[in-house]
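Structure record follows, encoded as structure tokens.
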Amino acid sequence: MQVVSTPASRLQALQVSLVQGATRWHDAPANREYYGALVRQGAGSDLIVLPETFLSGFSNDTRASAEAMDGGSVAWLRALAGEVGAVICGSLAIRENGTVYNRLLWVQPDGGFMQYDKRHLFRMAGEHTRYGSGVERLIVELKGWRVLPQVCYDLRFPVWLRNRRMAEARAGMEYDLALFVANWPAARRQPWRTLLRARAIENLSYVIGVNRVGMDGNEIAYAGDSAVIDPVGEPLLECGAQEQVVTVRLDPQLLLAHRERFPAWMDADAFSLDPG
């Protein structure tokens, strides 16, 4: 993975909209209509974040209906990003070479996109037996910010998420913002809320988590709790358990000042990660 060194002077304020919706169960056309309307409420933002598997809900039964990258859902998402003039980020089930992936897409207004396949598959629901696992992290750049997009269960694994010390990266760190798109059940809402804060504190970065709400087809309830956490671990925004689209402005000066005042990254352990 290459890390782009971006001068601090290029960091601009970043406007991000969080879309916390009640995903329709196994109904991609209904979800395209539903989430399309919610995304349009975030027009004017730089980045709009959707939940995990927002076109189907979190289900191992989506394998049969998983689309290819040249299918209608990806084309729809690219067109929507162009319409609202913002990057759109969320995950969906994608079939590629006979394997289905829980794939996060980072879709740009010009139609270009990047992708990240969920690394940690949720064993307790059998996801690891039905889906392929990713092997590489993705770091993308937007308005000078370096962003690490991740999917749900990845949140529990701090080694994978470590903002590694890199001499060639600005302030010795790989990323400035970590994003987590999720279908995180209400029964485990306390770990969700706690881990978002922990990842921000230990990585000296902003963290955004976007979860769904409502009840899915397996009668699992979701409490939302989407949030934006600053590099000190304080919430800038916390959502409740209802459908909503909320927008927050991320201040780069707060991030840079904290890293200068509290440069814990300089004492971090250097390591390499074996993806095997």
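The values are calculated or read from the model by the stated rules, or taken from the named source; none is laboratory data. All values reported here derive from a predicted model rather than from experimental measurement. As a convention, Cβ positions derive from the backbone with ideal geometry for all residues, glycine included, and neighbour counts pool all protein chains shown.
Pairs needed: first member in the range 25-42, surrounded by fewer than 20 Cβ atoms within 10 Å (Cβ to Cβ); second member anywhere, of a type in the set (Asp, Glu) and part of a helix (DSSP H, G or I); C-beta distance under 8 Å; at least 6 residues apart or different chains. From the range 25-42, the pairs are His26/Asp61; Arg40/Glu83.
When residues in the range 126-162 are screened for being surrounded by fewer than 17 Cβ atoms within 10 Å (Cβ to Cβ), at pLDDT below 95 and among the hydroxyl-bearing types (Ser, Thr, Tyr), 1 of them pass.
Residue-wise test of (1) modelled with pLDDT of 95 or more; (2) out of contact with any strand residue (DSSP E or B) (no Cβ under 7 Å at 6 or more places or on another chain).
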position	(1), (2)
Arg164	no, yes
Gly172	no, no
Asn183	yes, no
Arg188	yes, yes
Pro191	yes, yes
Tyr206	yes, no
Ile229	yes, no
Glu238	yes, no
Glu243	yes, no
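The condition (being modelled with pLDDT under 95, on the phi > 0 side of the Ramachandran plot and either surrounded by fewer than 22 Cβ atoms within 10 Å (Cβ to Cβ) or among the aromatic types (Phe, Trp, Tyr) (or both)) is satisfied by just one residue among Gly98, Gly85, Gly111: Gly98. The conditions of being surrounded by 16 or more Cβ atoms within 10 Å (Cβ to Cβ), at pLDDT 90 or above and in contact with a Leu (Cβ under 7 Å, 6 or more places away or on another chain) are not met by Leu255.
Screening Val248 on (1) under 23 Å from Glu52 (Cβ atoms); (2) at pLDDT below 95; (3) surrounded by 14 or more Cβ atoms within 10 Å (Cβ to Cβ) shows it passes everything except condition (2).
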